[in-house]
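The values are calculated or read from the model by the stated rules, or taken from the named source; none is laboratory data. For clarity, every value in this text was computed on a predicted model and none was experimentally measured. Neighbour counts are summed over all protein chains in view; Cβ atoms, including those assigned to glycine, are modelled from backbone coordinates with ideal geometry. These area figures cover heavy atoms from the full protein model, side chains too; ligands, DNA and RNA do not enter into them. Shrake-Rupley method; radii C 1.70, N 1.55, O 1.52, S 1.80 Å.
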Amino acid sequence: MTRIQPPQTDEFLTQARAVLGTTHVLTTDLAAFATDWRGKFTGVPLAVLRPADTQQVAALVKLCAAHGVGIVPQGGNTSMCGGATPDGSGKQVVLSLSRLNRVRSIDPLNNTLTVEAGCVLQTLQELAAEHDRLFPLSLGAEGSCQIGGNIATNAGGVQVLRYGNTRDLVLGLEVVLADGQVLNLLRALRKDNTGYDLKHLFIGSEGTLGIVTAAVLKLFPAPHASTVAFAGFQTPQQALALLGLMRGALGDRFTAFELMSDASVALVRQYFPDTPALFAQTYPWQVLMQATDPGAGDGAQTALEASFQAALEQALEQGVIEDVLIATSVAQAEQLWAVRENISEAQQHDGHNIKHDMAVPVSSVAAFIDEVQPLLHGAYAGVRPIIYGHLGDGNLHFNVSRPPGWSTPDWQAESDRVNALVLDVVARYQGSFSAEHGLGQLKNHEMALYKTPLEIDVMRRVKAALDPQGLMNPGKFLPNGPF
Ligand code: FAD
Ligand code: MLT
Ligand code: ZN
């Protein structure tokens, strides 16, 4: 297939080929790079550029600056909000970081790992394990998302409760700035108060301030002992009581606390028919819990299981939970995790839903759910809220699936009204309208609704200082405006 390019574009592509060689400047078969994971956004890339190292990224960014070409960085393309998808103008390039996938060094004594942006998260977890360490960032997309994408979105996942967000796991960064200079912040230090901590500007900035090319990551002791359970009960208030009880009993050994409404679990069972029924009866709310301990040997495992079980028995006695299933093998633990991890994909199979990645203070989660559900049911008879997520962080995926009889386009057209219904309550609880997925092109306009004008103004000043041409991931993150 031949595409006739305007002369300027021809010149740009010729120069890009001079940097990368012809095979890594893609102009045909771009579908995989042009659509997001959810299939919600499809753009038209001018080309897909596949640099192999930081110097090539820098050269390409300089080239884009000279030609006024917008750059959309793309890692694993698992964004939930169209962050890595170009617009439809045919004037933006996708800069794929996949070939920057080298491990630069590992320092087990310093507990650090220095890697390039295109490393797939799961390979880093495996590498850490080979060195008897843990890299604790863990999320459903870990088999394909890349550490550069995780950093750019400040990804959360299922172990934030114990280890924090990506921001808490990054010690140093290497970033290609919008003018093509390489900012080397690759320090592996746990203490360094020498000026503004610039790395934090780039973490969570979704590629709008620079391209992350490498990072120094924190490692932790490997969890040699581990135990997982699933519990069922009636109300979100019980979930909060259980969280308090388990954390009290296990302290830092308590690493995950994931809430699921029964409708979420039912979707998984519908689309993944091999999923076993966990309980003899249905419980409106269920949680998956995990505790780990770095202690090695049978003694550590036995001790961890004993504390975990004692806490769960207490929860049963107090009526905080009504039923509980404790995994007795690694395979069973994986089966329990699969129920939780398969919810996103089950939702994909089920068709369009209006997604909310919200957070409120943990103590307010139950009140929030109790307030929003009746509002939704009052507005839309038969509406299906699919509620699940990281309750231990106050972060729920409060997704609203269409009521029976509604077509996908009609339900999509209802997004603004449903968003306002849910997010106005989030705002009243001093919450966040995007706790871990970021903004991309799905949520950026909500900034204008829920952030103060001064906050947005300060962000625009940062953006103008670092990207004066507005070429770094244009149209994402900030609400419509000069950029
Ligand atoms: P991409 O989707 O490619 O890009 C994401 C954003 O980062 C875009 O704005 C892109 O332009 C920018 N970007 C990518 N690489 C770079 C770079 N090197 N430099 C600068 N900017 C860059 N997210 C969570 O937080 N928690 C979860 O539990 C979670 N679970 C998920 C489960 C599933 C099944 C799926 C599909 C997604 C899930 N996500 C979750 C969302 C997603 O996986 C994360 O946002 C992830 O961090 C994105 O990584 P990626 O490499 O796919 O980035
Ligand atoms: C999750 O926690 O499963 C993810 O953030 C993805 C989702 O929102 O479905
Ligand atoms: Zn999540």
Quick calc: nm separation of the 7 Å Cα→Cβ label points for F279 and R99 -> 5.2 nm
Relative contact order (percent, whole number), the range 212-319, Cα cutoff 8 Å, 6+ residue spacing | 44 percent
With contacts defined as alpha carbon pairs under 8 Å and 6 or more residues apart, what's the relative contact order of the chain in percent?
-> 15 percent
For the R190, A296 Cβ pair and Förster radius 25 Å, calculated FRET efficiency rounded to 0.05 is 0.50
Packing-ranked peptide list from 80-93, 267-280, 44-57, highest mean Cβ count within 10 angstrom first, is 80-93, 44-57, 267-280
The local net charge around A420, scoring Lys/Arg +1 and Asp/Glu -1 for residues other than A420 whose Cβ lies under 11 Å from its Cβ, equals -3
Cα gyration tensor shape for the range 125-261, rounded if a/c is under 1.5, else prolate or oblate | prolate
Hand me the chymotrypsin sites (Phe, Trp or Tyr not before Pro) from the range 370-473 located in a DSSP loop with no more than 11 other Cβ atoms within 10 Å, in residue order please.
-> none
Carbon/sulfur fraction of accessible area - the chain, other protein chains in place, 1.4 Å, % = 53 percent
Plugging the Cβ-Cβ distance of Q270 and A303 into 1/(1 + (r/R0)^6) at R0 = 60 Å yields, to the nearest 0.05, a FRET efficiency of 0.95
Taking every C-alpha to C-alpha distance in the chain and binning by 20 Å from 0, the per-bin percentages run 23, 54, 22, 1
Note on the range 108-181: C-alpha Rg/Rh, Kirkwood Rh, two decimals, gives 0.97
Taking a cut-off of 28 Å between Cα atoms, list the lysines near K191, but don't count ones fewer than 8 places away on the same chain.
-> K199, K218, K463
What GluC sites (Glu not before Pro) does the range 282-346 have in DSSP loop regions with at most 16 other beta carbons within 10 Å?
-> E322
Non-local residues with an amide H under 5 Å from the amide H of V400, with H modelled 1.01 Å from N and Pro and chain starts lacking one, are I354, K355, H356, I386
Distant-in-sequence amide H partners of A256 (H built 1.01 Å from N, under 5 Å) = Q290
Per residue accessible area in Å² of the chain, where ligands, DNA and RNA are left out and the probe is 1.4 Å | 41 Å²
Give a residue-ordered list of calculated ³J(HN,Hα) values for the range 452-469 (Karplus: 6.51 cos²θ - 1.76 cosθ + 1.60, θ = phi - 60°; whole Hz; x for Gly, Pro).
-> 6, x, 5, 4, 5, 4, 5, 5, 5, 5, 4, 4, 5, 5, 9, 9, x, 8
Starting at the first residue of the range 161-174, write each ³J(HN,Hα) from the Karplus equation 6.51 cos²θ - 1.76 cosθ + 1.60 with θ = phi - 60°, in whole Hz, x for Gly and Pro.
-> 3, 9, 10, x, 6, 3, 3, 6, 10, 10, 9, x, 9, 10
Phi-based couplings in Hz for the range 31-41 (Karplus 6.51, -1.76, 1.60; Gly and Pro marked x) = 3, 5, 8, 9, 10, 7, 4, 7, x, 8, 10
